[in-house]
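Encoded as structure tokens, the structure appears first; notes follow it.
The values are calculated or read from the model by the stated rules, or taken from the named source; none is laboratory data. Owing to the predicted nature of the structure, the values given are computational and were not obtained by experimental measurement. For neighbour counting, all protein chains shown are included, and Cβ atoms are generated from backbone atoms with ideal geometry for every residue, glycine included. Just so you know, the surface numbers come from the protein's heavy atoms only, side chains and all, with ligands and any DNA or RNA stripped out. Shrake-Rupley method; radii C 1.70, N 1.55, O 1.52, S 1.80 Å.
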Amino acid sequence: MTDTFFNIDPRLVALDAGAAQMCGERFAQIEEITCYNQQKVLHAFIENRVSEACFAGSTGYGYGDLGRDKLEQVFAQVVGAQDALFRHSFASGTHTLTVALFGVLRPGDKMLCLTGRPYDTLLGVLGHEKPVSGSLCEFGVEYNEVALAATGRPDLAAIEQALKNQTYKMAYIQRSRGYSLRPSLSVEEIGELCKLVKRISPNTVVMVDNCYGEFVQRQEPTQVGADLMAGSLIKNPGGGIAPCGGYIAGRADLVEACAARMTAPGVGREVGASLGANRELYMGLFSAPHVVGEAIKTVVWVAALFAQLGYTATPTYDAARTDIIESIELGSEAALIAFCQGLQSGAPVDAFVTPEPWDMPGYDNQVIMSAGTFTGGASIELSADAPLREPYAVWLQGGLNFHSAKTGVLLAAQRMLEQGILEIK
Ligand SMILES: *Cc1c(COP(=O)(O)O)cnc(C)c1O
């Protein structure tokens, strides 16, 4: 890499060259997956006859919105599902998952999470730890979870036992690690879990929180036995272009049930004006395999860079990826702050802003975040979060393109170097 504009320390430039060498083999594998997924998406666009008319959009009720309906068929084909909802009107990933959960579960039903404690924002939706107005608990849905094994993997024996003890309407799987140190699940592991559930309890609906997982591997959970999955469009499948939204994909009868919850029973998916969003959602989905490839290259390279600097980064640079998240144990509060401030200084938007730790609602510790993004909160764009507590780890994800994201990370390391936190021999 040559650096003309940023005055990056020559020792970091040398480590970048080292990282590039370490990553060669992994980058070739990422390239192959990207090419496969890009062709899969292109093929679905062509087969479904996507045309300029699809971008026109609708207002009001949105009846007969050709572009909206076709996009959902395109996405269903891409993820090998019978049907899908793919809409800008989902407010967030949590909202999308909520629609799917309330779409399927009824009062008296039981839900079992197979992958330990779910992502933070889901705890309010479940409402089983403390009362939350409108939660599943309030509507009489019972919830249990099976803790992960000591390895951080699903505890198959305990899951089998739990499924034998009671009849569950839904088994819930979270693919990504989120902001924990556990490994994320591969699509193959999700397939094994689906098989296990169906062997013991064939009528149990298997639902996957697929956030951060889309297009990281060749297949999606709906292609290995999951009945339903959901995710956010300001993460992987929006390709950094979708301005907001979410998707639900899976078995046709379940998607139909979710559509009734998404708008109104009896009305379902027939309404929902696309306004001006169709074109961006199509473009985003089209770009998603490539952008996810760039984001994965970024985190693989970050793992190699920080391994050379003597830090523990997980997953390691040579590991196969199943989501786009990296964590680096930086070891101190000062290091987390320097890293996030340096990263922000290399963002395309709001680079002049200095992030500070703050008391985030729902957290016991202060949290510092870096996100210089075109789309508010979009974590397919380069972004980092760090709670100021042991093990003083930063979680990093995204990167619309590797070259820019890499520069941002070099500036983060440079800030640590300038503050005497980092030593390069
Ligand atoms: C991002 C994410 C969600 C949903 O989060 P939102 O911030 O509401 O979009 C849920 N589960 C996981 C694992 C996630 O990564």
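Some points to look at:
- A Förster distance of 25 Å, applied to the separation of the beta-carbon atoms of Q223 and A56, puts the FRET efficiency at 0.20.
- Fraction of beta bridges assigned by DSSP in the chain that are antiparallel (%, nearest 5): 65
- Cα-based shape type of the range 78-209, given that a ≥ b ≥ c are square roots of the gyration tensor eigenvalues and the cut on a/c is 1.5: rounded
- Mean Kyte hydropathy of 0.0 or more with a Cα span along the axis of at least 27 Å, helices from DSSP in the chain: 10-47, 278-308
- Summary of the geometry: the range 81-97 and the range 358-416, compared by the centres of their Cα atoms, lie 25 Å apart.
- Neighbourhood charge, 15 Å Cβ-Cβ cut-off, centred on K130 and excluding it, Lys, Arg +1 and Asp, Glu -1: -3
- Distant-in-sequence amide H partners of V205 (H built 1.01 Å from N, under 5 Å): M170, A171
- Per residue, the accessible area of the chain comes to 41 Å², computed with a 1.4 Å probe over protein heavy atoms only.
- Taking label positions 7 Å along the Cα-Cβ direction at both K110 and D3, the computed distance is 5.7 nm, reported to one decimal.
- Cα gyration tensor shape for the range 96-146, rounded if a/c is under 1.5, else prolate or oblate: rounded
- Spacing of the modelled spin labels on E32 and D359, each 7 Å from Cα toward Cβ, amounts to 5.2 nm.
- Cα centroid separation, the range 1-60 to the range 157-175 (Å): 37
- Fluctuation leader among N236, N37, N165 - the chain, Gaussian network, Cα springs under 10 angstrom: N165
- With the simple model of a label 7 Å out from the Cα in the direction of the Cβ, R49 to M283 spans 2.5 nm.
- Loop-resident trypsin sites (Lys or Arg not before Pro) (DSSP state other than H, G, I, E or B) in the range 1-106 with no more than 15 further Cβ atoms inside 10 Å of their Cβ: R49.
- Couplings 3J(HN,Hα) for the range 106-120, derived from phi with the Karplus relation 6.51 cos²θ - 1.76 cosθ + 1.60 (θ = phi - 60°), are 10, x, x, 6, 10, 10, 10, 8, 8, 10, x, 5, x, 3, 2 Hz, where x marks Gly and Pro.
- Between Q39 and E25, the contour length at 0.36 nm per residue exceeds the Cα-Cα span by 2.9 nm.
- Of the GluC sites (Glu not before Pro) in the range 107-191, those whose Cβ has at most 14 other Cβ within 10 Å and which sit in DSSP loop: E129, E138
- Of all accessible heavy-atom area on the chain, the percent that carbon and sulfur account for (1.4 Å): 54
- Overall form of the range 1-40 per C-alpha gyration tensor (a/c, 1.5; a/b vs b/c): oblate
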